[in-house]
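Since the structure comes first, as structure tokens, the remarks are kept for the end.
What follows draws every value from the coordinates through simple rules; no lab data is involved. Keep in mind the model is a prediction, meaning the values are calculated, not measured. No Cβ is skipped: glycine too gets one built from the backbone with ideal geometry, and neighbour counts run over all protein chains shown.
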Amino acid sequence: MPLYEHVMIARQDLSNTQAESLVEHFGTVLADNGGNVVDSEYWGVKTMAYKINKNRKGHYSFLKTDAPAGAVQEMERLMRLHDDVMRVLTIKVDEHAEGPSVQMQKRDEREGRRERR
């Protein structure tokens with residue numbers, strides 16, 4: 001099955017548990033349609049570069065999935081209809097990166113960064 005990565009931004013006035021339950025809800029949607037969530041990360045509340053629906057901040061979540069295209073389309077359709085989800089980005093990848101995403105790594109652990117002068 002194809003591999004996908006999804007980034008979802010939920011409204012800022014949700015609690016952390018409500019934002020994480022959204023990830024579980026959409027994971028069950030994938031499972032019902034023949035896919036599965038390989039890994040998920042909750043990145044927390046972050047400030048956005050510009051306002052979306054009069055919100056300056058949002059709950060960011062990251063999903064790595066292994067699902068057929070129909071299951072991903074159904075999940076995206078339900079995400080766009082959900083009132084708490086502001087934005088969704090889905091990318092098809094050849095393989096999932098091992099370990100935590102770059103967003104979750106500490107600054108000193110990131111490779112390839114050069115020193116500022």
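Its DSSP H runs of at least 4 residues, each contributing -39,500 (n - 2.57), put the calculated 222 nm mean residue ellipticity of the chain at -8500 deg cm²/dmol, to the nearest 500.
Projecting the Cα positions of A49, Q73, Q18 onto the charge dipole of the stretch 3-96 (unit charges on Cβ atoms of Lys, Arg, Asp and Glu, taken about the Cα centre) puts A49 furthest along the positive direction.
Our summary gives the stretch 3-96 a relative contact order of 46 percent, counting only alpha carbon pairs under 8 angstrom and 6 or more residues apart. For the chain, a Gaussian network of Cα nodes joined below 10 Å ranks R11, R87, R56 by mean-square fluctuation, and the top entry is R56.
Count the lysine pairs in the stretch 3-96 that are 8 or more places apart or on different chains: how many have C-alpha atoms under 24 angstrom apart? Step by step, the pairs that qualify in the stretch 3-96 add up to 4. Only one residue of Y60, Y4, T90 has its Cα farthest out toward the positive end of the dipole of the chain, where Lys and Arg carry +1 and Asp and Glu -1 on Cβ, and that residue is Y60. Among the GluC sites (Glu not before Pro) in the stretch 58-104, those placed in a DSSP loop whose Cβ has at most 15 other Cβ atoms within 10 Å are E95, E98.
For the chain, the dipole from Cβ point charges (+1 on Lys and Arg, -1 on Asp and Glu) about the Cα centre works out to 1000 debye, to the nearest 20. Neighbour counts of other Cβ atoms within 10 Å put I91, I52, I9 in the fewest-to-most order I91, I52, I9. If you run the Gaussian network model on the chain, springs between alpha carbon atoms under 10 Å, then out of G44, G58, G27 the most flexible one is G44.
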